Amino acid sequence: MVTYYFEKYGLALGKEKESKFNLFADYLLSENLKYNLTAVRDFDGVIVRHFVDSAVILNYVDFPAGACILDIGSGAGFPAVPLAIMREDLNFTCLDSSAKKINFIKNAVSLLGLNNLDYICGRAEDFSRRAVGDTHLAPSVPTITSVNTLKEGGFDFAVSRAVSRLNILCELAAPVLKLGGIFCAYKSKAADAELRECGLAFKLLGLELVNNIKLELEGEERAFILVKKVRETPGNTRVISRRLVRARCDFSTAFYYSS
């Protein structure tokens, strides 16, 4: 069943990857009985709505070998863990504020034998502000140089799925990207509306839109919004955040996936 759904969307799986996805699905569903990790509680649903949904971006984005990728708000490891299974030549870091979910990712990495995925328990807001040298933060907040898989100067890519609206995500992603780095936001049918909110954020944060890719997954609309860092992010992100907050018409955080 795993291979069927992956091949349906143009993703080739060998026996080893298929075995890892089966193992990860069983572990996720088992642990989900103990504490809430996902609202998806059936095997096929996990394969399609989490695994394929996470991995299908590989059909549209060229991640060069050796690239360092930050997953902002990883939750139970999506999209980073499926991507790490698919691309062993990439280096991933999961960032989430929930110790429960980071511990789940830690155990999953060990179970699956993944050597290309690190994890940090912390708030994305604090992590991003530390990346641009915000001295108001306590020194215990992790810096981008504290992660072994990172190249000097920031991440090549950042990804985020089912976390927040695009303008808020841009505030979190821009500081941790190296110049020329790409932020890939997993979105659904509201992608165009969220893009219309981002003009000021792009201007203040040194970002520009690269692509807005549309697709369907089992009859549901999906989008990958690709944003490039074209200028260095100003150091005083708190001032930027206040300006963006004043400009927002919608303060709600919308979740378009069943996470």
Please go through the range 100-114 and give me each residue that is part of a helix (DSSP H, G or I) and either farther than 16 Å from GLU18 by Cα or more than 19 Å from the chain's Cα centre (by Cα) (or both), ordered by number. LYS100, LYS101, ILE102, ASN103, PHE104, ILE105, LYS106, ASN107, SER110, LEU111, LEU112
Pairs, please: C-beta under 7 Å, at least 6 apart or cross-chain, first residue buried (at least 20 other Cβ atoms within 10 Å of the Cβ) and in the range 99-121, second assigned to a helix (DSSP H, G or I) and among the basic types (Lys, Arg)? TYR119/LYS106
What tally of residues in the range 155-171 results from selecting those that are part of a strand (DSSP E or B), in contact with a Ser or Thr (Cβ under 9 Å, 6 or more places away or on another chain) and farther than 14 Å from TYR186 by Cβ? 1
Top-ranked residue in the range 1-48 [being hydroxyl-bearing (Ser, Thr, Tyr) and exposed (fewer than 15 other Cβ atoms within 10 Å of the Cβ); ranked as modelled with the lowest pLDDT]: TYR35
Matching residues, the range 177-226, being in contact with a helix residue (DSSP H, G or I) (Cβ under 6 Å, 6 or more places away or on another chain), of a type outside the set (A, V, I, L, M) and crowded, with 20+ Cβ neighbours inside 10 Å: PHE183, GLU194, CYS198, PHE224
Pairs, first of a type in the set (Lys, Arg) in the range 149-163, second at pLDDT 95 or above, C-beta under 6 Å, six or more apart: ARG161/PHE78; ARG161/PRO79; ARG161/TYR186
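Let's see how each residue does on (1) within 26 Å of ARG165 (Cβ to Cβ); (2) in a helix (DSSP H, G or I); (3) out of contact with any Ser or Thr (no Cβ under 6 Å at 6 or more places or on another chain):
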{"site": "PHE21", "(1), (2), (3)": "no, yes, yes"}
{"site": "LEU29", "(1), (2), (3)": "no, yes, yes"}
{"site": "ARG49", "(1), (2), (3)": "yes, yes, yes"}
{"site": "VAL61", "(1), (2), (3)": "yes, no, yes"}
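The values are calculated or read from the model by the stated rules, or taken from the named source; none is laboratory data. Please read all numbers here as calculations on a predicted model, not as lab measurements. A quick note on method: Cβ atoms are made from the backbone with ideal geometry, for glycine too, and the neighbour counts reach across all protein chains shown.
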